[in-house]
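Since the structure comes first, as structure tokens, the remarks are kept for the end.
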Amino acid sequence: MDIKVLGTGCAKCKSLEKATQEAVAKTGVNATVTKVEDIVEIMNYNVMTTPALVIDGKVVVKGKVPSVDEIAKLLTK
């Protein structure tokens, strides 16, 4: 599984990255988590509000920081 956290480095972006890492550890999913801070690459996903979470190329969350449990549900469905 390929997971990308899109964000320029703000506090919410860092919170989403941390929560995503925790959710991956909690679920035991085999995943690579990458932080994307390049604004051009973020815009390639048509994301205008960060932070955003991309799982296997699909934007599943944007503009908010979901809980670890919410991210875990997204990872296991």
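The values are calculated or read from the model by the stated rules, or taken from the named source; none is laboratory data. Everything quoted here is computed from the prediction, not taken from an experiment. Please note: Cβ atoms are built from the backbone with ideal geometry, for glycine as well, and neighbour counts cover all protein chains shown. The protein model used for the area step is the full one, side chains on, heavy atoms only, and it has no ligands, DNA or RNA in it. Shrake-Rupley method; radii C 1.70, N 1.55, O 1.52, S 1.80 Å.
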* What is the helix-to-structure angle for 11-27, meaning the angle in degrees between its Cα long axis and the longest Cα principal axis of the chain, kept from 0 to 90 and rounded to the nearest 10? -> 30 degrees
* Hey, can you grab everything whose amide H is under 5 Å from the amide H of K35? Only 5+ residues off in sequence or another chain; H modelled, so Pro and N-termini drop out. => V5
* region 2-76, Cα convex hull volume normalised per residue, Å³ -> 69 Å³
* Asked: So in the chain, what percent of DSSP beta bridges are antiparallel if you round to the nearest 5?
  -> 60 percent
* Leaving out same-chain residues fewer than 8 places away, which lysines sit with a Cα under 19 Å from that of K58? -> K4, K35, K73, K77
* Structure fact -> Mean accessible area per residue over region 2-76 (1.4 angstrom probe, all protein chains present, square angstrom) is 55 Å²
* For the chain, what is the relative contact order in percent, using Cα pairs closer than 8 Å and at least 6 residues apart in sequence? -> 42 percent
* Would you calculate the separation in nanometres between label points at V59 and C10, each defined as 7 Å from the Cα along the Cα-to-beta-carbon direction? => 1.4 nm
* Asked: For region 2-76, what is the charge dipole size about the Cα centre, in debye to the nearest 20, if Lys and Arg each add +1 at the Cβ and Asp and Glu each add -1 at the Cβ?
  -> 200 debye
